[in-house]
1. With the requirement that a residue be closer than 18 Å to residue 281 by Cβ and within 14 Å of the ligand (Cβ to nearest atom), what does the range 120-157 give you?
2. Condition test on residue 109, is it touching a helix residue (DSSP H, G or I) at 6+ places or on another chain (Cβ under 7 Å) and crowded, with 21+ Cβ neighbours inside 10 Å?
3. Based on this model, can you work out whether residue 258 counts as modelled with pLDDT of 95 or more, surrounded by 19 or more Cβ atoms within 10 Å (Cβ to Cβ) and within 14 Å of the ligand (Cβ to nearest atom)?
4. I need a count of the residues in the range 306-328 that are within 11 Å of the ligand (Cβ to nearest atom) and surrounded by fewer than 13 Cβ atoms within 10 Å (Cβ to Cβ).
5. Go through the range 329-346 and count every residue that is surrounded by fewer than 18 Cβ atoms within 10 Å (Cβ to Cβ) and at pLDDT below 90.
6. Restricting to the range 76-99, name every residue that is under 17 Å from the mean Cα position of the chain (by Cα), at pLDDT 90 or above and part of a loop (DSSP other than H, G, I, E, B).
7. Go over the candidates 213, 191 one by one and state the one that is within 14 Å of the ligand (Cβ to nearest atom), without any contact (Cβ under 8 Å) to a residue 40 or more places away in the chain, surrounded by 22 or more Cβ atoms within 10 Å (Cβ to Cβ) and more than 17 Å from residue 280 (Cβ to Cβ).
8. Going through 198, 222, 281 one at a time, which residue ends up being more than 15 Å from the ligand (Cβ to nearest atom), buried (at least 22 other Cβ atoms within 10 Å of the Cβ) and within 30 Å of residue 161 (Cβ to Cβ)?
Ligand code: SAH
């Protein structure tokens, strides 16, 4: 494990255990405030300051007494993280590096309207959020897991990514994908709570059709989500349509092989009555051949899924490369001729749309957390 040299002086003065306000439900805040002798309407008033008026500090909440603001500050901090770096210009894809209260880092990516956002040419402003610090699933092509798993994000740390990126960009976000760092379904409780807050009328107010959870394929949790009373879209990081190919790049496939995964996906489709997206990174000489496309087409058809092809973004220290445009086109053509709805995300986001996790890795290496060279992974 990595034992970071965290310099407490640089951190916010927030106890790690304090439930930050943006992770709380109104009834929880109401109960707490009632125990302080505050009137019932107070919770609603505070949440309006946060989510409607977008107050960035308790000091801004001028309709509250100073004593109450001070008490709230020390029990339920409004913010426990800050933007440590932003890459990319306004109107292009931007990457945000957040420093958390314990000195750890996560990333969010903001994709402006009218760019190809995760397979769909979208008029929506999309944010790609992280759900964990690091990742335990060890996909062989991905930067997020290179340094292993550190911890789950709390609900407020997920909600805050949206609020802070909105505040920074000055524009509302109306599409959220859990495709940043981490495995959202391995942090089920916090992720579903955050989604509730993001969807709520009293919260951020983003519709269920515009929130997508992406998973590396945790079959039991996919079923749990199917049964969970929360409307949300599902995307799967598929990347291989045979166990042989998938296992080579995604160790999770040993635990939940394709037959088990497909059964969970069919269950989700039936319960939630919606189309699932299969994300498929094209990696040269690994999964980009015509027979791979044919196998993918069969899998996708069997659950009426759509496919989103993503040419691989090279990661420093990893050996994989993206196939030529010609190979990508041929792959897409096979899907299309197999009647599978498919798109290809060609937008590169230039040098910064590289997979989530890279910016954080660089930062942590700069701080001496990790060895200069990530461990060779193959
Ligand atoms: N753990 C979840 C959420 C992370 S999503 C999941 O696996 O779905 C992050 C997405 O980016 C995944 O689809 C992942 O496969 C993809 N990805 C990771 N590294 C990439 C790279 N170098 N190039 C392109 N996509 C990558």
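1. Residues of the range 120-157 that are closer than 18 Å to residue 281 by Cβ, as a first pass: 120, 128, 135, 137-146.
128, 135, 137, 138, 139, 140, 141, 142, 143, 144, 145, 146, listed by residue number.
2. No: the conditions fail for residue 109.
3. On the way: modelled with pLDDT of 95 or more: yes; surrounded by 19 or more Cβ atoms within 10 Å (Cβ to Cβ): yes; within 14 Å of the ligand (Cβ to nearest atom): no.
Judged against the criteria, residue 258 is not a match.
4. Taking the range 306-328 and keeping what is within 11 Å of the ligand (Cβ to nearest atom), we get 308-316, 318, 320-322.
Going one step further and asking which of them are surrounded by fewer than 13 Cβ atoms within 10 Å (Cβ to Cβ), we end up with 316.
Number satisfying all stated conditions: 1.
5. The total comes to 1.
6. 81
7. Every option except 213 fails the conditions.
8. Working: 222 fails: more than 15 Å from the ligand (Cβ to nearest atom); 281 fails: more than 15 Å from the ligand (Cβ to nearest atom).
When all the criteria are applied, what remains is 198.
The values are calculated or read from the model by the stated rules, or taken from the named source; none is laboratory data. Here the structure is a predicted model, which means the values were calculated and not measured. Cβ atoms come from the backbone with ideal geometry, glycine included; neighbour counts cover every protein chain shown.
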